Amino acid sequence: MQELRKTSDRADLLAEIAELYYIEGKDQTEIAKTVGVTRSMISRMLKEARASGIVEIRIHRNSRSDPDLEKQLTNAFGLKKAYVTQELASKKDNLQKHLGAAGAQALKEFIEPDTIIGLAWGTAISATVDAFEAPHRIPARVVQLVGALGATYTEFDGHSLVTRLSQKLDGIAYYLNAPCYCQTRETAKALMETPALRETVELGRQARVSLLGIGSTDKDYSSFLRSGYIPKEEFDRLHKNGAAGNVAGIHFNVNGEVVCRDFSEHLVVINEKDLGKIPVRIGVAGGNGKIIPILGALRGGYINVLVTDAATAAKVLELETQSREQS
């Protein structure tokens, strides 16, 4: 351990001590004797290693589900399956983590070796990819279904998500290297037809499983608007025409009917027809701002597997019941 004593790099020293404690299972007294320092110093260094990010602790706990709400959602909307987490989340970040854990569970159940997996983008999808851990190597192809949002949204942009998931699977990534929104429909069409994108577009059509966020047109929740990538006048027009939400850039009203089809022609995304042909379409979303968008996505059949939280699920079912009673 002489090299450890002589190291001049603080980070390396902290990492060495952390490995002895967390990986080799030595207690703090043993490490202190080996290194030649006091036990209290080892304790402080382990705390420093955690605080500086050298050591990260992850707790894997199965998400508590609500079977009754899952059954009601499946029956009401003809879903393949529903995943409803019972975890209470007072903060948005905590809600995303719980949704991500449930989304990862759903993804594990539907992917197999050689599966083609299509990914959209969004915070819930990012949380799902973060929570996903492959039990073994799964040689899948991971395909980007929606073009890039912009330079400031790299964490939950499609390119990053495809990279991260394909690495976890030890699979192959296919990118849609183009902006999500184009100023003219001619530009969008030309990009989709270029050889550089054609392979990805075609693979997206062959996807067996898709992982999709459910976006909102509420200005407080819309990734499209927050990105600054979509002209505000276009966003206002979507809202004025009754757009309640979107899946993979396809905007629809609360009844699931597509609105402003001409807007979709400006997007480099999978089209409505091809999306509907993907056998498993997992939608991950939750929270007050997503209630109406989820309802529209379910009614329109844009997703056939739903991952959400109990409070959101109950409200969606309540609105659907009220609507049926009034009709």
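Here are some notes:
- Of Thr38, Thr74, Thr85, the sequence from fewest to most neighbouring Cβ atoms within 10 angstrom is Thr38, Thr74, Thr85.
- Put simply, when 25-32, 178-185, 248-255 are sorted by average Cβ atoms within 10 angstrom per residue, most first, you get 248-255, 178-185, 25-32.
- Fully extending the segment from Lys108 to Thr187 would add 24.7 nm, taking 0.36 nm per residue of separation and subtracting the current Cα-Cα distance.
- Potential extension, Asn177-Arg39 segment - 0.36 nm per residue separation minus Cα distance: 44.4 nm
- Counting all C-alpha pairs of region 265-316, share separated by more than 19 Å (%): 33
- Ranked Arg198, Arg237, Arg141, Arg281, criterion: other C-beta atoms within 10 Å, fewest first: Arg198, Arg237, Arg141, Arg281
- Gyration tensor over alpha-carbon atoms, the chain, equivalent ellipsoid semi-axes in Å: 41, 24, 18
- Length gained when the stretch Thr29-Arg237 is fully extended (0.36 nm per residue, less Cα-Cα span): 68.2 nm
- Remark: C-alpha extents of region 2-51 on the principal axes read 24, 23, 19 Å, sorted largest to smallest.
- Of the beta bridges in region 67-326, as assigned by DSSP with both residues counted there, near 25 percent are antiparallel.
- Helix 67-77 vs. the chain, principal-axis angle (Cα, 0 to 90°, nearest 10): 30
- Relative contact order for the chain, counting Cα pairs under 8 Å that sit 6 or more residues apart, in percent: 17
- Beyond 27 Å in Cα-Cα separation lie the following of the pairs Lys81/Lys240; Lys81/Lys277; Lys108/Lys290: Lys81/Lys240.
- Rough spin-label spacing in nm, given labels placed 7 Å along Cα→Cβ, for Asn255 and Gln206: 3.8
- Exposure proxy ranking for Phe132, Phe235, based on other Cβ atoms within 10 angstrom of each Cβ and starting from the fewest, stands as Phe235, Phe132.
- Cα-based helix-to-principal-axis angle, 158-169 vs the chain, degrees rounded to 10: 50
Where a number appears in this text, it was derived from the coordinates with a stated rule and is not lab data. Quick caveat, the model's predicted, so the values are computed rather than measured. Cβ coordinates were reconstructed from backbone atoms using ideal geometry, including for glycine residues, and neighbour counts include every protein chain displayed.
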